[in-house]
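What follows is one structure encoded as structure tokens, with my remarks underneath.
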Amino acid sequence: MVQTQYFSDLIVKVAVDRDKAAFVELFDHFAPRLKGYLMKQGADAAIAEEIAQDVMVTLWRKANLFDPRKSSASTWLFRVARNRRIDRLRRQKTSELDPDEPLLQPAPLPDVSEEMDARLREERVREALGKLPEEQREVVRLAFFLGQSHSEISESTGLPLGTVKSRIRLAFGRLRQLIEADEAVDVD
Amino acid sequence: MEKNVTGMDELLAGYAAGTLSYPAQALVGAHLELSDLNRGYVSSLESLGGVSLGDADPVALSDRDTSLSAIFDDETPFSNDNEPIANDSTGLPQSLRSIVGNSMEGLPWKALLPGVKECKFGEIDGCATSLLWVRAGRAMPSHTHHGTELTLVLQGGFRDDDGHYVAGDVAFADDDVDHKPIADEGEDCICFAVTAGRLELTGPVGRWFAPFMR
Ligand SMILES: [Zn+2]
Ligand SMILES: [Zn+2]
């Protein structure tokens, strides 16, 4: 938790002072984790490294868009990595695409809930995940963290495809209930 | 409106993870722009993604020093862009612009039935992608699905057997549902529709790309 604040402060230094030492620290911490994370999701090492580099370039050039009240460094980088990956796949597939067109860059959303800070949100969702029944937590891990398809999950777990589908559907609905129940308690 | 009987929560999780097909990703992004209903859940899932990135096992870069100096050597001026593009008069969400263009004006609509027009954007990542325009009070053509159909209401509203949907809502029709939506009276209904097709796509970054719920 102290760490969350520490990395946020480093990004702010990059944004405000173009602080290279702060950036190097962020780079050394996050670039190898991004690479590892993407490889776990099935990207080969070279592509994982290219996307990690894209993300770090974005951090260097757009650190001013980071708002430490709305997200932690790792959540912000997770989002950038997701969007970079989607951009790359899109360009790879549509040769006629104008490289300058606005890429799939979701508009910054109006505040979700200003009273919920980034750190609290992370704690909440971690707790909610921990409350899921083990079999549901496992399909969340495979589908969400590893990005596996229904049929890949069916193969790796030996469960019939129909069971996989209904279990995933239940798991994400249940996860939502747990997150929102938690929010409701705190609002009182 | 959208309880999880529809699989909406899984769809949102796919959006947060970035595993949806391109048009489904755009559709959910547009939904989040237009409606605050699911923003909190998606933010929470993105936080979960952040936590798992933070916990990921690091893999050393092949040449860390070169990668770093490539970033510092870049002379491009620092960017302050990425401000949201001003909303156009037709209210097209930003997330749809890479598919639809910058505006709904001047699109090549084709009449399907009296009172129903369609503008197709072709099959993207195995999903048929189109805009539908239904005159107020008219019915869309009755149809069944082979696969899943997502419909995001951009303007007006419609009703089907499952419920009533207004601007910003997503209707989720599963395989083999016989479907006959009817547009609300009073205002023409415009929807962005994505239907999962049959293509299985693979490639070097492969498994992420498949019809939106696989
Ligand atoms: Zn069918
Ligand atoms: Zn339908």
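Taking Rh as the Kirkwood radius, which is the inverse of the mean 1/r over Cα pairs, what is the Rg/Rh value for the range A:1-98? All intermediate terms of the calculation are to be shown ahead of the outcome.
Working: Rg = 14.0 Å, Rh = 14.0 Å.
Expressed as Rg/Rh, it is 1.00.
Sorting A:Trp60, B:Trp133 by accessible area puts them as B:Trp133, A:Trp60; the probe is 1.4 Å, largest comes first, and only protein heavy atoms count.
The accessible-area ordering, largest first, of the residues A:Asp87, A:Asp44 stands as A:Asp44, A:Asp87, per a 1.4 angstrom probe. Towards the positive end of the charge dipole of the range A:2-93, with charges on Cβ (+1 Lys, Arg; -1 Asp, Glu), say which of A:Leu77, A:Leu89, A:Ala21 has the farthest Cα. Projecting each Cα onto the dipole axis, the largest value belongs to A:Leu89.
Can you give the accessible area per residue of the range A:2-93, in Å², using a 1.4 Å probe?
Working: 3560 Å² over 92 residues.
Value for the range A:2-93: 39 Å² per residue.
Going by a ≥ b ≥ c, the root eigenvalues of the Cα gyration tensor, does the range A:118-187 fall in the rounded group (a/c under 1.5), the prolate group (a/b larger than b/c) or the oblate group?
The shape class here is prolate.
In the range B:93-148, carbon and sulfur make up what percent of the accessible area (probe 1.4 Å)? Carbon and sulfur atoms account for 53 percent of the accessible area of the range B:93-148. Accessible-area rank, largest first, for A:Lys131, A:Lys165: A:Lys131, A:Lys165, with all protein chains present and a 1.4 angstrom probe. The heavy atoms of B:Ile71 present about 10 square angstrom of accessible area, all protein chains included, probe 1.4 Å.
The accessible area of B:Glu118, taken with all protein chains in place and a 1.4 Å probe, comes to roughly 40 Å².
To the nearest 100 Å², how much accessible surface do chains A and B hide from each other in total, with a 1.4 Å probe? Write out the running numbers ahead of the final one.
On the way: alone 12350 and 12710 Å², together 17900 Å².
The summed interface area works out to 7200 Å².
What's the carbon and sulfur percent of the range A:118-187's accessible surface, probe 1.4 angstrom, rounded to a whole number? Intermediate values should be presented prior to the final figure.
Details: 1770 of 3360 Å².
The computed percentage sits at 53.
Using a probe of 1.4 Å, the accessible surface attributed to A:Arg91 totals some 110 Å² when neighbouring protein chains are kept in position.
The values are calculated or read from the model by the stated rules, or taken from the named source; none is laboratory data. Not measured: the values here are computed from a predicted model. Here Cβ is always computed from backbone atoms with ideal geometry, including for glycine, and neighbour counts include all displayed protein chains. These area figures cover heavy atoms from the full protein model, side chains too; ligands, DNA and RNA do not enter into them. Shrake-Rupley method; radii C 1.70, N 1.55, O 1.52, S 1.80 Å.
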